[in-house]
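All of the numbers you see were taken from the coordinates with simple rules; none came from a lab. Keep in mind that this is a model prediction, so the values were computed, not measured. Neighbour counts are summed over all protein chains in view; Cβ atoms, including those assigned to glycine, are modelled from backbone coordinates with ideal geometry.
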Amino acid sequence: MEQRLVIKFCFKARKSGTENPQMVNAAYGDQALSRSNVLRRHGRFLDGREDIEDDPRIGRPTACRNNNVEKISQLLLQNRQVSLRMLADEVNIGKDTVRKIVVEDLRKRKICSRFLPHSLTPEQKDRRIATCRDLIATADSDPDFFKKIVTGDETWYFVYDPTTKPQSAAWVEEALPRPKKLLFQKSHVKNMLVIFFNWQGVIHKEFVPEGETINAVYYEYKGVMELHYISVIQYKFHKHIKIFSQRSA
């Protein structure tokens, strides 16, 4: 406000638009208004304005940021998916002010939900907790328990048939440009890979034949018995190696 009076004084003293910013800068130094701001004020006085107050703003009235923190907090509790624009319209303040209240004052962030394959019932949750406790108790009583576990998973994969650079060589006319080929082209064909592993790593992998369904019957008659046999053989082999090493020492 003080510098506005100085700008008006310089205008009344018939200082030009070039001299006015220079005098304000000489008087206030680093605290001086910018040149564009001084020239804007100087132009208002040239248009016949006498007051140094800002024009009344059209639109939402200016509101104190602290006065709306609690109100916005309550609105977020009622609806956590509300947008900043809807909050601004509700409390009648600017969208940028609402963003500062939500992010800086309320320390909130807006994130997308994580999709789950299915929702567990209370009975399923209790069953999983009981199973986990049984596994922990078994592992505490048997140090080699985890070495006896075989687990697996399935995944879809796209079939790729990339061509090597020598294979893509072709005879062309001397004036024609070099042929172009994509490095990888995604195939429309999908196959399923089944893989099993134990504490040492992968012990079996198999590409599921086209048309075959992955279910309990598939695991029982084509995979489980063979995997169990492999796991037992590997476990006994490493156990004998450990005993032999201890005797040699």
Q. Given 0.36 nm per residue, what is the gain on full extension from residue 78 to residue 92 after removing their alpha carbon distance, in nm?
A. 3.3 nm
Q. What length, rounded to one decimal in nm, is gained on full extension from residue 155 through to residue 99, with 0.36 nm per residue of separation minus their alpha-carbon distance?
A. 16.0 nm
Q) What's the FRET efficiency of residue 119 with residue 67 using the Cβ-Cβ distance as r and R₀ = 35 Å, to the nearest 0.05? A) 0.30
**Q.** Net charge over other residues, Cβ less than 15 angstrom from the Cβ of residue 127 (K, R count +1; D, E count -1)
**A.** 0
